[in-house]
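Colleague: One structure follows; several queries about it will come next.
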Amino acid sequence: MWIIAGHLTVDEDARDAFVEAHRDLVERARKAPGCLDVAITADPVTPGRVNNYERWESWDAIEAWRRRADAPDTGVEMREVNVTAYEIATTRPPF
């Protein structure tokens with residue numbers, strides 16, 4: 001399993017439009033083979049911050065999705081991008 005997680009920053013007044021522009025992409029990704037979850041959300045604390053979370057069954061599933069994702073051209077400049085892919089070897093309940 002792979003998790004891609006982190007955040008990016010955009011101008012505060014462009015954040016909500018940036019997130020909304022990705023709604024269709026998130027809906028399609030969640031239906032993609034091998035996708036376990038995807039979320040692109042406005043951070044509730046820091047204006048201008050957008051949180052990114054993806055969970056996939058395999059790296060092959062991620063690559064297949066990226067070939068057809070057709071990400072939107074939002075016209076919004078991403079100022080800082082801090083997103084990392086993590087390969088998960090084991091899982092367990094958090095308690």
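The values are calculated or read from the model by the stated rules, or taken from the named source; none is laboratory data. None of these values were measured; they are calculated from a predicted model. All Cβ positions, even for glycine, are placed from backbone atoms using ideal geometry, and neighbour counts span all protein chains on display. For accessibility, only protein heavy atoms count, side chains too; no ligands or nucleic acids. Shrake-Rupley method; radii C 1.70, N 1.55, O 1.52, S 1.80 Å.
Colleague: How much length is gained if the chain between residue 24 and residue 92 is pulled fully straight, taking 0.36 nm per residue apart and subtracting their Cα-Cα distance, in nm to one decimal? Present the calculation step by step, with values, prior to reporting the outcome.
Modeller: Details: separation 68, 0.36 × 68 = 24.48 nm, distance 3.10 nm.
Here the segment from residue 24 to residue 92 would lengthen by 21.4 nm.
Colleague: So for 41, 9, 90, what's the accessible-area order with a 1.4 Å probe, most first?
Modeller: 90, 41, 9
Colleague: Now, a different point. From the phi of every residue in the range 86-95, what ³J(HN,Hα) in whole Hz does the Karplus formula 6.51 cos²θ - 1.76 cosθ + 1.60 yield, where θ is phi - 60° and glycine or proline is x?
Modeller: Result, rounded to whole Hz: 10, 8, 9, 8, 9, 9, 7, x, x, 10.
Colleague: Using a Gaussian network model of the chain whose springs link C-alpha atoms within less than 10 Å, name the residue from 11, 37, 70 with the highest mean-square fluctuation.
Modeller: Maximum fluctuation in the GNM of the chain, among the listed residues, is at 70.
Colleague: What is the set of long-range amide H partners of residue 83 at a cut-off below 5 Å, with H atoms built 1.01 Å from backbone N?
Modeller: Here the answer is 7, since their amide H atoms fall under 5 Å of that of residue 83.
Colleague: For residue 84 and residue 32, compute 0.36 nm times the residue count separating them, minus their Cα-Cα distance, and round to one decimal in nm. Before the final figure, lay out the partial values.
Modeller: Working: separation 52, 0.36 × 52 = 18.72 nm, distance 2.05 nm.
Here the answer is 16.7 nm.
Colleague: Would you work out the charge dipole size for the range 1-47 about its Cα centre, treating the Cβ of every Lys and Arg as +1 and the Cβ of every Asp and Glu as -1, and quote it to the nearest 20 debye?
Modeller: Details: 5 positive and 9 negative charges, 77 e Å.
In debye, rounded to 20, the range 1-47 gives about 360.
Colleague: While we're here: From the phi angles alone, apply the Karplus equation (6.51, -1.76, 1.60; θ = phi - 60°) to the range 3-17 and give each ³J(HN,Hα) in whole Hz, x where the residue is Gly or Pro.
Modeller: Going residue by residue, I get 10, 10, 8, x, 8, 9, 10, 9, 4, 3, 6, 9, 4, 5, 5 Hz, with x marking Gly and Pro.
Colleague: For residue 88, what accessible surface area do you get with a 1.4 Å probe? Give it in Å², rounded to 10.
Modeller: For residue 88, solvent-accessible area is about 50 Å².
Colleague: Which residues in the range 64-95 have a backbone N closer than 13 Å to a point placed 7 Å from the Cα of residue 3 along the Cα-to-Cβ line?
Modeller: Counting only backbone N, you get 84-95.
Colleague: Specify whether the C-alpha gyration tensor of the chain places it in the rounded, prolate or oblate class, a ≥ b ≥ c being the square roots of the eigenvalues: rounded for a/c under 1.5, otherwise prolate if a/b is larger than b/c and oblate if not.
Modeller: Since a/c reaches 1.5 but b/c is at least a/b, the shape of the chain is classed as oblate.
Colleague: Continuing with this model, one more query. Give me the accessible area per residue for the chain, probe 1.4 Å, as a whole number in Å². Mind showing how you got there, number by number?
Modeller: On the way: 6380 Å² over 95 residues.
Here the residues of the chain average 67 Å² of exposed surface.
Colleague: Rounding to the nearest 10 and keeping the result within 0 to 90°, find how far the Cα-based axis of helix 59-68 lies from the longest principal axis of the chain.
Modeller: The answer is roughly 40 degrees.
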